[in-house]
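*Asks:* This is the structure, below, for whatever I ask next.
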Amino acid sequence: MSLKLSVIGCGYLGATHAACMSSLGFEVIGVDTDPDKIAMLSKGELPFYEPGLDTLLAAEIKTGRLTFTTDFSAVADADVHFICVGTPQSKDGLAADLTYVKSAVAAIAPHLKSGSLVVGKSTVPVGTAQGLRDQLAKSSPESDLAWNPEFLREGFAVEDTLTPNRLVVGVTNDRAENILKEVYKPIIDLGTPWIRADLPTSELVKVAANSFLATKISFINAMAEVCEAAGGDVTVLAKAIGYDPRIGNRFLQAGIGFGGGCLPKDIRAFMARAEELGAKQALEFLREIDAINLRARQRVIDVVRTELTDDLTKYTIAVLGAAFKPDSDDVRDSPALDIAAQLQAAGASVVVHDPKAIENARKRFPKLGFAGSVQECVKNADLILHLTEWREYRELDPNSLASLVKRKIIIDGRNALDRDKWREAGWQFHALGRTD
Ligand code: UDX
C-alpha cells in the first residue's frame, strides 16, 4: 500500500512540496495554523505567485489526493510527516528563530502512529535535527526523525522539487533511508543523485550551498566596485571569467545584490551557529559577503545622488521592480524595495511598479507610491531605477518612454537592460560596475 504523507507548514516550501508529492500519486494532507491560507489552498488557490504551481495545485485538489486542514490530529493516518515551516531571522540577533519548527514537531507528536517518520525540510542551524530527534524519542518513542534539506528556488519551485539536481537525506538508520527512497522513487528513477548523510551534515549542506551562492554574488559585486574605481566593465569581466568551467557563468550577475527569504538570513544564522560551536573564525568571511551585499544597495543611492543632487526632496524617482527577483511576488528582504524606501526616507517622491509584487510591497511600505503600469510609474520622473529584472522591463521601448519622463536618466541596478538601445534613444544610461 502506498505511503500517506503529511506536510506541516503550507507556505512556499510546504505548499509546493504538498502539491508535488500529490502529483507523484501520494495521498497528502497539508496542515497550517493559518485558516485563511488553508481556506485558499483547499479551493485550489495559491496564496502567492509561483509559475506553474497554481495549475498543479488546482489539478491535485481535483484528484482528491491532496487536502488541507488546520487540525493537527488529521496527520494521524500519515506515515511520513514533512516539516516545512519557516525559520526566520530572530528579532534580536543573527540566529534563526526555531519557534515554528519546535512547535510543529510538538503539535504532531501526540498524533504520530507507530513507525512513522518525521522529515525536516526547513533550513535549521546544525544540531537542531539531533535535538528534535531526542525530544521525539521521549514523547513518541515509536517514531523516527530524518532531515531532507530543500534547495528550491522561487520561480522554479515545481521544477526544482520534481527534478532536483540532487536529493540529500540525513538519516541515522537504513529504515529511514528506505522510507525516503520509497517516497522519492519516481525522482530517483530519473537518475537524480542520492546522497545519504548523517543528520548534522544534511543540515550543513543547505547552509553551505546558500553561503556559496551568496559568496558568488558578492564576489562579482566586489569586482563591480573595483571596476567602477578602475574604469572597467564588470559585465565583460564576468563573461570572461565565467568561461572557465571551474568558475562557471551562473550567479555572476552584478547588481544590487541578493535578497529574499533565504540567502540573507541563512548566512547570518550560519555565522551565529558557527560562533556557538567555537568555529566563528571559519565563517568570518560571510560577514564581508553580507557587507558587500548591503553596500550594493547604497552604491545605487550614491549614483542617484550624483545624477540628481544630494537634496532629493524635489525629485520624482520611478522604481521598476519591487520583488527580490523576477517571477516572484516575494518582497522579503528585497534589495529593490529597500532602495525605494531609503530614497523616500531621503525625501524623494518614489513611485514603484512591479508586475506581481505590488500588493506585498504596499503591505510592507504603505507610504510608497505605487503604479499599475510602467507608463504611469515613469510619468514625470526625474530618474528611472531598474531594480528587478522582469522580462517586461527588458522589452521596454526607450523611445516610447522618453516622452513621458521629465529627464531621460536610467540606472540599471541589475545589468540586464540593453545599454546601446537606451543610449540610442537619447537616454543617460548608468549601470553598477560599468564606467563608460
Ligand atoms: C535561494 C537558493 O538558490 C535556493 O537553492 C534555496 O533553496 C533558497 O534560496 P531563492 O531565494 O529563490 O533561492 O533565489 P535565488 O535565485 O538564489 O536568488 C537569490 C538572490 O540573488 C535574488 O535576490 C537574486 O536577484 C540575486 N542574484 C542571483 C544576483 O544578484 N545575482 C545573480 O547572479 C544571481
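*Asks:* Condition check: open to solvent by less than 10 Å² (accessible area, probe 1.4 Å), modelled with pLDDT of 95 or more and farther than 21 Å from Asp302 by Cα. Does Ala348 satisfy that?
*Replies:* No.
*Asks:* Looking at Trp390, is it in contact with a strand residue (DSSP E or B) (Cβ under 6 Å, 6 or more places away or on another chain) and hydrophobic (A, V, I, L, M, F, W, C)? Let's see the steps before the verdict.
*Replies:* Details: in contact with a strand residue (DSSP E or B) (Cβ under 6 Å, 6 or more places away or on another chain): no; hydrophobic (A, V, I, L, M, F, W, C): yes.
No, not satisfied.
*Asks:* What are the pairs, 6+ residues apart or on separate chains, where a residue within the stretch 248-267 that is not assigned by TED's automatic domain parsing to the domain that holds Arg414 and charged (D, E, K, R) has its Cβ under 9 Å from a residue that is near the ligand (Cβ under 6 Å from one of its atoms) and at pLDDT 95 or above?
*Replies:* Asp266/Asn210
*Asks:* Applying the selection to the stretch 366-392, what residues are farther than 16 Å from Ile317 by Cα and either among the aromatic types (Phe, Trp, Tyr) or open to solvent by less than 20 Å² (accessible area, probe 1.4 Å) (or both)?
*Replies:* To start, the set of residues in the stretch 366-392 that are farther than 16 Å from Ile317 by Cα comprises 366, 389-392.
If the condition is that a residue be farther than 16 Å from Ile317 by Cα and either among the aromatic types (Phe, Trp, Tyr) or open to solvent by less than 20 Å² (accessible area, probe 1.4 Å) (or both), then Trp390 is the only one that fits.
*Asks:* Okay, next question. Residues to consider are Ser403, Ser373; find the one that is closer than 24 Å to Tyr49 by Cβ and among the hydroxyl-bearing types (Ser, Thr, Tyr).
*Replies:* Just a single option satisfies the conditions, and that option is Ser373.
*Asks:* Sticking with this structure for a sec: State yes or no: is Ala361 farther than 19 Å from Gly255 by Cα and either open to solvent by less than 10 Å² (accessible area, probe 1.4 Å) or aromatic (Phe, Trp, Tyr) (or both)? Give the steps one after another, and end with the answer.
*Replies:* Working: farther than 19 Å from Gly255 by Cα: yes; either open to solvent by less than 10 Å² (accessible area, probe 1.4 Å) or aromatic (Phe, Trp, Tyr) (or both): yes.
Criteria met by Ala361.
*Asks:* For the stretch 1-11, give me each residue that is within 19 Å of Thr123 (Cα to Cα) and buried (at least 24 other Cβ atoms within 10 Å of the Cβ).
*Replies:* The answer is Ser6, Val7, Ile8, Gly9, Cys10.
*Asks:* A further question follows. Leu98 - would you say it is over 19 Å from Val75 (Cα atoms), open to solvent by less than 60 Å² (accessible area, probe 1.4 Å) and more than 16 Å from the ligand (Cβ to nearest atom)?
*Replies:* Considered against the rule, which asks whether it is over 19 Å from Val75 (Cα atoms), open to solvent by less than 60 Å² (accessible area, probe 1.4 Å) and more than 16 Å from the ligand (Cβ to nearest atom), Leu98 comes out as yes.
*Asks:* Go through the stretch 302-316 and give me each residue that's surrounded by fewer than 18 Cβ atoms within 10 Å (Cβ to Cβ) and in a helix (DSSP H, G or I).
*Replies:* Asp302, Arg305, Thr306, Glu307
*Asks:* Give just the number: which of (1) free of Cβ contacts under 8 Å to residues at least 24 places away in the same chain; (2) in contact with a Gly (Cβ under 9 Å, 6 or more places away or on another chain); (3) within 16 Å of the ligand (Cβ to nearest atom) does Val236 not satisfy?
*Replies:* (2)
*Asks:* Failed condition for Asp311, given (1) among the acidic types (Asp, Glu); (2) closer than 16 Å to Gly255 by Cβ; (3) without any contact (Cβ under 8 Å) to a residue 40 or more places away in the chain, with all others met?
*Replies:* (2) is the only condition that Asp311 fails.
*Asks:* Restricting attention to the stretch 253-265, and to residues there that are open to solvent by less than 10 Å² (accessible area, probe 1.4 Å) and within 14 Å of Thr235 (Cα to Cα), which single residue is nearest to the ligand (Cβ to nearest atom)?
*Replies:* Checking each candidate, the answer is Gly255.
*Asks:* Moving on to the next point. Condition test on Glu392, is it under 24 Å from the mean Cα position of the chain (by Cα) and closer than 25 Å to Gly426 by Cα?
*Replies:* yes
*Asks:* Quick one: which residue in Arg299, Arg268 is over 22 Å from the mean Cα position of the chain (by Cα), within 15 Å of the ligand (Cβ to nearest atom) and open to solvent by 20 Å² or more (accessible area, probe 1.4 Å)? Steps first, answer last, please.
*Replies:* Details: Arg268 fails: over 22 Å from the mean Cα position of the chain (by Cα).
Result: Arg299 is the single residue among Arg299, Arg268 that is over 22 Å from the mean Cα position of the chain (by Cα), within 15 Å of the ligand (Cβ to nearest atom) and open to solvent by 20 Å² or more (accessible area, probe 1.4 Å).
*Asks:* Return only the number of the condition from (1) open to solvent by less than 50 Å² (accessible area, probe 1.4 Å); (2) small (Gly, Ala, Ser); (3) within 29 Å of Leu204 (Cα to Cα) that Ala58 does not satisfy.
*Replies:* (3) is the only condition that Ala58 fails.
*Asks:* Has the stretch 42-62 got any residue that is assigned to a loop (DSSP other than H, G, I, E, B), under 30 Å from Arg287 (Cβ atoms), of a type outside the set (Phe, Trp, Tyr) and in contact (Cβ under 8 Å) with a residue 12 or more places away in the chain?
*Replies:* Scanning the stretch 42-62, I find no residue that is assigned to a loop (DSSP other than H, G, I, E, B), under 30 Å from Arg287 (Cβ atoms), of a type outside the set (Phe, Trp, Tyr) and in contact (Cβ under 8 Å) with a residue 12 or more places away in the chain, so the answer is no.
The values are calculated or read from the model by the stated rules, or taken from the named source; none is laboratory data. The structure displayed is predicted, hence computed values, not measured ones. Virtual Cβ from ideal backbone geometry, glycine too; neighbours counted across all protein chains shown. Remember, those area values only see protein heavy atoms, side chains included, never the ligands or the DNA or RNA. Shrake-Rupley method; radii C 1.70, N 1.55, O 1.52, S 1.80 Å.
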